[in-house]
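Each remark here refers to the structure printed beneath this line.
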Amino acid sequence: DILSEGFAKIRADFNMEYGFYDEAEKMKVVIMVSRFGHCLNDLLYRWRIGALPIDIVAVISNHFEYQKVVVNHDIPFHHIRVTKENKPEAEARQMAIIEETNADLIVLARYMQVLSDEMCRKMSGRIINIHHSFLPSFKGANPYKQAFERGVKLIGATSHYVTADLDEGPIIDQDTVRVSHAQSPADYVSLGRDVESQVLSRAIHAHIHRRAFLNGNKTVVFPASPGSYASERMG
């Protein structure tokens, strides 16, 4: 209270939004996933070893593939089937879980459903997504195969805050890996999944430590303090 009162004048002078947080209090996170599990598995491992200090309060999926692995981690698993016909009802169920768990952050760990504009606006600044950096050049079900056929030399991934504009929200983290003609489409997929997992975990790390700030259509991301992120540099 004393700190907040003392900061009030500075806030007024610069028209700032600010908050003070207890570092010991872990951010509550809901993970949403479909049939690609590499990001989910990576996050579960980092969470289990303490490299990603979050409280995973639920995993939501429109498929059953990862129910067992989630339940084996003693995390509630919710299957919510999504179709064109039931999408409003499915999102209402998703939002009910988010509200019941008091989730601070939603992570789309390769969740292959487009969220409604209403949900994006309601959760603005609280949903993080990951996608391959071929967008919009290589769209569709198999972008890595398309990249291989075009002979690209770099593949990568982008993690960003979700907005109503599909895959165009403020970018939090990006990375690339170099590839060559000597590698196969399967190599592209493997390398791509690795970089997706690393970029997503770094974006979450920045957000939960409140190092990522929205600034219009961009973000300002402050670097991690020395040593605080060493355990994230895996793989």
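Between amide H atoms placed 1.01 Å from N, distances below 5 Å from Thr219 occur with Ile171, all of them 5 or more places distant or on a separate chain. The 3J(HN,Hα) values that the Karplus relation (6.51, -1.76, 1.60; θ = phi - 60°) gives for the range 103-114 are, in residue order, 5, 8, 9, 10, 10, 8, 8, 6, 8, 9, 10, 7 Hz. Gly and Pro appear as x. For the range 20-31, backbone phi angles converted through the Karplus equation (6.51, -1.76, 1.60; θ = phi - 60°) give residue-by-residue couplings of 10, 10, 8, 4, 6, 8, 6, 6, 7, 10, 10, 9 Hz, Gly and Pro being listed as x. Take the chain and mark each of the GluC sites (Glu not before Pro) that is in a DSSP loop with at most 12 other Cβ atoms within 10 Å; the longest unmarked stretch, sites excluded, is 86-235. Computed from phi, the 3J(HN,Hα) profile of the range 83-94 under the Karplus parametrisation 6.51, -1.76, 1.60 (θ = phi - 60°) reads 10, 4, 6, 9, 4, x, 5, 5, 5, 5, 5, 4 Hz, with x in place of Gly and Pro.
Once backbone amide H atoms are built at 1.01 Å from N, Asp175 has Ala157 as its partners under 5 Å, excluding neighbours fewer than 5 places away on the same chain. Ordered by the number of other Cβ atoms lying within 10 Å of each residue's own Cβ, fewest first, Phe77, Phe148, Phe20 fall into the sequence Phe20, Phe77, Phe148.
For the chain, the relative contact order is 17 percent, taking Cα pairs closer than 8 Å that sit 6 or more residues apart in sequence and dividing their mean separation by the residue count. Using a ≥ b ≥ c from the Cα gyration tensor of the range 26-229 (square roots of the eigenvalues), is it rounded, prolate or oblate, where a/c under 1.5 gives rounded and otherwise the larger of a/b and b/c decides, a/b for prolate? Rounded shape, in that the Cα axes give a/c under 1.5. Between Lys68, Lys84, Lys153, the Gaussian network model of the chain with springs among Cα atoms under 10 angstrom shows the greatest mean-square fluctuation at Lys84.
Only the coordinates and a few stated rules stand behind these numbers; no lab work does. In this text the structure is predicted, and so the values were computed from the model without any measurement. A quick note on method: Cβ atoms are made from the backbone with ideal geometry, for glycine too, and the neighbour counts reach across all protein chains shown.
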